[in-house]
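The values are calculated or read from the model by the stated rules, or taken from the named source; none is laboratory data. Because the structure is predicted, anything quoted here is derived from the model rather than measured. Positions of Cβ are backbone-derived with ideal geometry, glycine not excepted, and every protein chain shown enters the neighbour counts.
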Amino acid sequence: MDLGARLKGRHVLVTGASSGLGEHFARLCARHGARVSVGARRREKLDLLVAELREAGALEARAYALDVTDEASIKSCFNDLAAPLDTLVNNAGVALASSALDTPLADFDSVIATNLRGVWAMSTQAAARWRDEGREGAIVNIASILSARVSGGVAPYAVSKAAVKQATHALALEWARYGVRVNALAPGYIETEINAEFFASPPGQAMIKRIPMRRLGRPEDLDAAFLLLAGDAAPWMTGAFVPVDGGHLVSGL
Ligand code: NAD
């Protein structure tokens with residue numbers, strides 16, 4: 001089955017698309033002929049990307065100002081969407097490296113506001129519209145292997161991503177009756193510009209040795225799972241938590 005072909009013509013909204021994996025997913029959707037909408041807090045940061053998406057083959061590409069922590073911003077983004085949505089990709093996220101005892105409550109709140117409340121607010125907005133319009137829809141939550149296991153110094157992030165996993169299950173159960181599928185893609189450690197320095201350091205190298213496949217992921221390692229969840233190739237798949245991590249979650253204790 002050509003998973004990419006099952007995305008052609010679908011309207012996909014990717015949150016937090018101004019960098020990293022969000023930008024990668026938007027490009028992937030464009031290459032497969034989707035109608036791509038990208039959201040970020042500063043819309044002007046997306047202008048270049050939108051031009052690239054059009055050139056890469058997107059049926060249409062548009063940028064929207066979107067802060068997933070702000071209900072008014074979310075509503076205005078959904079109201080402005082140029083066409084009915086088929087897939088929502090909840091990618092926006094923030095990570096915070098600090099030990100629990102050194103984390104001010106305000107920092108904890110801000111991680112939860114983006115990673116969990118943002119996913120909730122975006123998802124309920126999308127699902128309510130799909131239900132009211134009698135349309136099917138798909139939600140892809142970008143979770144993490146920290147949804148299922150823990151690592152030191154990132155407790156608020158791990159807590160938020162564990163909740164995203166459970167939200168995926170709970171919302172899949174509630175919305176199956178409306179034809180709304182909710183699944184989670186859980187990446188392991190993916191090499192990006194932001195973490196390149198860490199993974200070149202001795203602790204970073206030690207971490208790579210704990211990944212059973214002995215290497216970091218590349219954004220494109222996520223493509224097949226993303227296409228499966230974002231397109232319509234798996235219409236009976238909902239509530240799934242799909243790790244793509246070189247075996248990190250099954251590493252020996
Ligand atoms: P990133 O920092 O490049 O991307 C996160 C994006 O979210 C940024 O563009 C940021 O501007 C945006 N964002 C943050 N707060 C926002 C808000 N309130 N409203 C709208 N956008 C907002 O990092 P990334 O690695 O590309 O992460 C993307 C997603 O993948 C995150 O949810 C992250 O937790 C998850 N993830 C990443 C990895 C990895 O190794 N890179 C592993 C597992 C999970």
Name the helices (runs of 4 or more DSSP H) wholly inside region 131-213 in which the number of residues that are hydroxyl-bearing (S, T, Y) is 3 or more. 155-175
Under 8 Å between Cβ atoms, at least 6 apart or on separate chains: pull out the pairs that start in region 90-112 with a residue that is away from the ligand (no atom under 14 Å from the Cβ) and end on any residue that is aliphatic (A, V, I, L, M). S99/A155; A100/A155; T103/L96; T103/A155
Kindly establish whether A121 is closer than 20 Å to K161 by Cβ, under 16 Å from the mean Cα position of the chain (by Cα) and near the ligand (Cβ under 9 Å from one of its atoms). no
Among the residues of region 66-82, which ones are more than 9 Å from the ligand (Cβ to nearest atom) and not in a helix (DSSP H, G or I)? L81, A82
Filtering region 1-57 down to residues that are in a loop (DSSP other than H, G, I, E, B) and among the basic types (K, R), which residue is nearest to the ligand (Cβ to nearest atom)? R41
Check off (1) buried (at least 21 other Cβ atoms within 10 Å of the Cβ); (2) outside any helix (DSSP H, G or I); (3) within 16 Å of the ligand (Cβ to nearest atom) for T238 and give me the number that stays unchecked. (3)
Please determine whether any residue of region 91-101 is more than 19 Å from N141 (Cα to Cα) and not in a loop (DSSP other than H, G, I, E, B). yes
Any residue in region 193-205 that is within 10 Å of the ligand (Cβ to nearest atom), over 27 Å from G239 (Cβ atoms), at pLDDT 95 or above and not hydroxyl-bearing (S, T, Y)? no
